[in-house]
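Just so you know, all these numbers are worked out from the coordinates, no wet-lab data involved. In this text the structure is predicted, and so the values were computed from the model without any measurement. Glycine gets a Cβ as well: all are built from the backbone with ideal geometry, and neighbour counts include every protein chain shown.
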Amino acid sequence: MSPQELTLEITPRTRLDVTDVRGRVAALHGNLFEQYANCFYCSLHTTAGYLPQSLAARLNARPDGIGPYIDVFRTIFPAGAGYRHDDLEERADLSPVQRPVEPTNADSHLAFIAGGLHACVTYSTSRPGPVCLIDLDGVHAGTPRRRVTRLVGYNHEVEVARTTLEIPVSSHPIDAINLKAPKLGLYGQLAELIDRHGVAKGRIRLKLASGEQYASLTVNEYETLLMRHDLTEVLRNPLRFAAEKARHAWSDPRAVPSKAVDYAKYDFVRALNELMDVLGLGASPIERLLARALAVPASRFLRMKRSVDLLVSDLETPGLGALVEGTYQTPIMVQWRGARRRARTVDVILTRFV
């Protein structure tokens, strides 16, 4: 049975919106994907994505499990907390026409990255439960945003190629590297790899080599102010923006600094405790470990990923596979400590869905 692919459009109802894509597809198309052993889900957006199946299963085992999980990261990154990305007048990437209608959504981008949301995930269809697309910025100025996700049902995947790339990095200890930058030539190599092996439906996995430390990978928007300022601030001080938001809640300017930090810590701990209750981990070693996050760098407790997947599909041109990505999606390497050789090693694995 050949792999089956489908494109699904979703209309969010609220800014934070959770849609059971598996349930939606079953209602529209029956057991189209349940006849396969696996289903690959691909979001084409930088503020809407999926959680890995193992984590999602734990959250969905209890009522309203995903909400408290997302609330932790919405607490750390509250809307309107002075993000440089949201200063639209500074955004050189925006045209005069775009600037008045562009969403101020840095909080959603940062929550996506820190919360471990993936643009692409694989779920085993034999395991019950919903497959949720979590949208962190689904409505702007009262208008729902158009969301698109792709699904590919398949039974097995076969590795057809593997290579290793050296990615040059800057001397800055905290930095974000655009892996789509033309000077790296990565996308040209990926396209050549797909073409050489004739993969019509499959995936590319970018994975940090086993020896790489103090770095992670994500797929998001590589906007300069977001990557070079806002994300850098988070890695230096995880409660930076929560404290900034709290400052506006106090009228006594002399009391602002200490009160703001205390407020941010209290709010974070409250959200964290709710999450632990949902996961059934109250008073556990994991809870104590997470509580120590208040005293360590963000990289120690944010769910930073060591690998990302990219969909290869021939839906647009049958028989000719190509990378699938949304308009603003970019693979990004984040580091919070400098690399000794001013370069990091990334493994590239190409597989075919069968």
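How much length is gained on full extension from Ala27 to Glu316, taking 0.36 nm per residue of separation minus their Cα-Cα distance? Can you show the working numbers first?
Values: separation 289, 0.36 × 289 = 104.04 nm, distance 2.51 nm.
That pair, Ala27 and Glu316, stretches by 101.5 nm at full extension.
Here the peptides 151-159, 114-122, 65-73 are ranked by packing, the mean other Cβ count within 10 Å, and the order with the highest first is 114-122, 65-73, 151-159.
Out of every Cα pair in region 67-139, what percent are spaced more than 14 Å from each other? Mind dumping the intermediate values first?
Working: 1773 of 2628 pairs.
Result for the distance tail: 67 percent.
Please compute the contact order of region 31-125 in relative form: average sequence separation of alpha-carbon pairs under 8 Å and at least six residues apart, divided by the residue count, as a percent.
54 percent
Listing Phe112, Phe241 from fewest to most neighbouring C-beta atoms within 10 Å gives Phe241, Phe112. Considering only the other residues whose Cβ falls under 12 Å of the Cβ of Gly202, what net charge follows from Lys and Arg at +1 and Asp and Glu at -1? Computed value for this residue: -1. A crude spin-label estimate for the pair Lys183 and Ser307, with each label 7 Å from Cα along the Cβ direction, gives 3.0 nm.
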